[in-house]
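Q: This is the structure, below, for whatever I ask next.
The values are calculated or read from the model by the stated rules, or taken from the named source; none is laboratory data. Since the structure is predicted, the reported quantities are computational estimates derived from the model, not experimental observations. Neighbour counts run over all protein chains shown; Cβ positions are idealised from the backbone, glycine included. Note: areas computed on protein heavy atoms with side chains; ligands, DNA, RNA excluded. Shrake-Rupley method; radii C 1.70, N 1.55, O 1.52, S 1.80 Å.
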Amino acid sequence: MRDKDFLMIPGPTPVPESVLLALAKHPIGHRSGEFSAILKRCHEGLKWLFQTENDVFIFTASGTGAMCSAMGNLVNRGDKVLSLVIGNFGQRWAKIAKSYGADVEIIEVPYGQAINPNVVRERLAKDVNKEIKIVTVTHNETSTGVTNPIKEIVAAIKEHGALSVVDGITSVGAIDCKQDEWGIDVLVSGSQKGFMIPPGLSFLSASKRAFEVHKQCEYPDFYFNWTDAKKNYDKDTTPWTPAINLIVALDKAFELLKEEGLENIIARHKHNATLLREGVKEMGLKLFVEDESIASYAITAILPPEGISVPDIRKTLKNDYNIVVANGQNDLKDRIFRMGTLGFCSERDVLTALASLKATINKLTK
């Protein structure tokens, strides 16, 4: 049935109707007082969701743009960066750091596992000359459905003195992530995840310590420059023409998020993910991540039953039930399928998806 598709992928995620209506409004001038008032409310909402007193910059870009901004405002050629990798997006940090001339070292674990904070602590303890400047880490790895123990990892980084640079693209607004309390130096996220609006905006919050390091950056990024972003942030405007309608939509989304409340948002994601995982196990299917302590609340990776292919499962769910789920990535392509519970997703959606998945498996086993 046309116009009935429901997204259960890592992103983009479903968008509330009231947000879509806000998005459809005629653009307003981005140098107007009306837009400045909207932008200011969005800045306040971002600080609330990031759980920080730091400024949170808005860039017209995907989440990867904010990742580039982090490296492009901190890295000088030859700086040592330690990248903690548990999947595709941890690898992306390493690739971006290398593109800015960093000397990158990688600590990687098999897909489906999380980083052990003690391993990080032990590696950093060996860096007696404090050569490692930055440690990058993904909070929630959607390519595998693993959530890193970010609080403990950041604590280990803080003991050493390096900057912690965290990908919170699919955790902020879904999984508890306390930037200030946990001491995260740089935290990034993206609009098409827990923020419940379409792709096109990315967000970055830098601590005072990170901003001081930025001032020593020899060739800071032009478009994503923190100094320019800060000057304009203080005047409730932007350095360049922003995605006006997306920011208007973000303003509306924050109305809904604040009405629900941060604790309830986190609880909803946990409940829906747990409901999905339990339902999948009741069908006799196996989860890629069996350890509940590191299982994501945003995305669940599932192994197909023997004799049924991931492409067939995805095709049947899409064609027969209008539900879109994701394939695995890289080495996990066609080995797992991933079902999202991120953003504007309710218990009803999960129950519908489980019934549809069960019917799909039944069809494909006949």
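Q: Could you pull out every one of the lysines with an alpha carbon less than 25 Å from that of K130, ignoring same-chain neighbours closer than 8 positions?
A: Of all the lysines, those that pass the test against K130 - Cα under 25 Å, at least 8 places apart if same chain - are K80, K95, K98, K151, K158, K208, K215.
Q: While we're on this one: So which aspartates and glutamates can K40 reach, going by Cα to Cα under 19 Å and dropping same-chain residues fewer than 8 places off?
A: Here the aspartates and glutamates satisfying the reach criterion relative to K40 are E53, D55, D228, D234, D236, D251, E255, E259.
Q: Before I look further, what does the chain give for accessible area per residue, probe 1.4 Å, in whole square angstrom?
A: Using a 1.4 Å probe on heavy atoms only, each residue of the chain averages 43 Å².
Q: Let me ask another. Straight distance only, please: which lysines reach the Cα of K366 with their own Cα at less than 28 Å, same-chain residues fewer than 8 apart left out?
A: K4, K281, K286, K315, K318, K333, K358
Q: Could you check the simple spin-label distance between N319 and E131, using points 7 Å along Cα→Cβ, in nm with one decimal?
A: Each label point lies 7 Å from its Cα, and together they span 5.7 nm.
Q: Over what distance in Å are the Cα centres of the range 205-227 and the range 139-171 separated?
A: One Cα centre to the other: 20 Å.
Q: Compute the FRET efficiency between E259 and R31 as 1/(1 + (r/R0)^6), taking r as their Cβ-Cβ distance and R0 = 25 Å, and round to the nearest 0.05.
A: Using R0 = 25 Å, I get an efficiency of 0.25.
Q: Given a Förster radius of 25 Å and the C-beta distance between L20 and W48 as r, what FRET efficiency does 1/(1 + (r/R0)^6) yield to the nearest 0.05?
A: For R0 = 25 Å, the calculated efficiency reads 0.65.
Q: Another question about this same structure. Taking +1 at the Cβ of each Lys and Arg and -1 at the Cβ of each Asp and Glu, which of I150, A97, V120 sits farthest along the dipole of the range 87-152 towards its positive end, judged by Cα position relative to the Cα centre?
A: The listed residue farthest towards the positive side: A97.
Q: Which FRET efficiency value, to the nearest 0.05, do you get for E292 and K230 by plugging their Cβ-Cβ distance into 1/(1 + (r/R0)^6) with R0 = 51 Å?
A: 0.80
Q: The range 272-292 to the range 50-114: how many Å between their Cα centroids?
A: 30 Å
Q: Then there's this: Choose one answer from P220, P239, P12: the residue with the largest mean-square fluctuation in a GNM of the chain with alpha-carbon springs under 10 Å.
A: Highest fluctuation of the listed residues: P239.
Q: Also: With a cut-off of at most 16 other beta carbons within 10 Å, and DSSP calling the residue loop, which trypsin sites (Lys or Arg not before Pro) in the range 1-108 qualify? Please list them.
A: For trypsin sites (Lys or Arg not before Pro) across the range 1-108 that sit outside H, G, I, E and B with at most 16 neighbouring Cβ atoms in 10 Å, the list reads R2, K4, K25, R31, R77.
Q: Sticking with this one: Would you mind calculating the gained length between Q216 and E347 on full extension (0.36 nm times residue separation, minus the Cα-Cα distance), in nm to one decimal?
A: 42.3 nm
Q: For the chain, what is the calculated [θ] at 222 nm in deg cm²/dmol (nearest 500), taking -39500 (n - 2.57) for each run of four or more DSSP H residues and dividing by its residue count?
A: After summing the helix terms and dividing by residue count, I get -13000 deg cm²/dmol.
Q: Go through (i) 30, 56, 14, 0; (ii) 29, 60, 11; (iii) 27, 55, 18, 0 and flag the label whose value is the computed P(r) over Cα pairs in 20 Å bins from 0, in percent for this structure.
A: Label (i) holds the value from this structure.
Q: Among the helices of the chain (complete DSSP H runs), which have Cα atoms covering no less than 18 Å along the helix axis and a Kyte-Doolittle mean of at least 1.0?
A: none
Q: According to the square roots a ≥ b ≥ c of the eigenvalues of the Cα gyration tensor, what is the shape class of the range 140-223, taking rounded for a/c under 1.5, prolate for a/b larger than b/c otherwise, and oblate for the remainder?
A: In terms of gyration-tensor shape, oblate.
Q: Within 10 Å of each candidate Cβ there may be at most 16 other Cβ atoms; applying that plus a DSSP loop requirement, which GluC sites (Glu not before Pro) in the range 1-105 survive?
A: In loop regions of the range 1-105 (DSSP not H, G, I, E or B), the sparsely surrounded GluC sites (Glu not before Pro) are E53.
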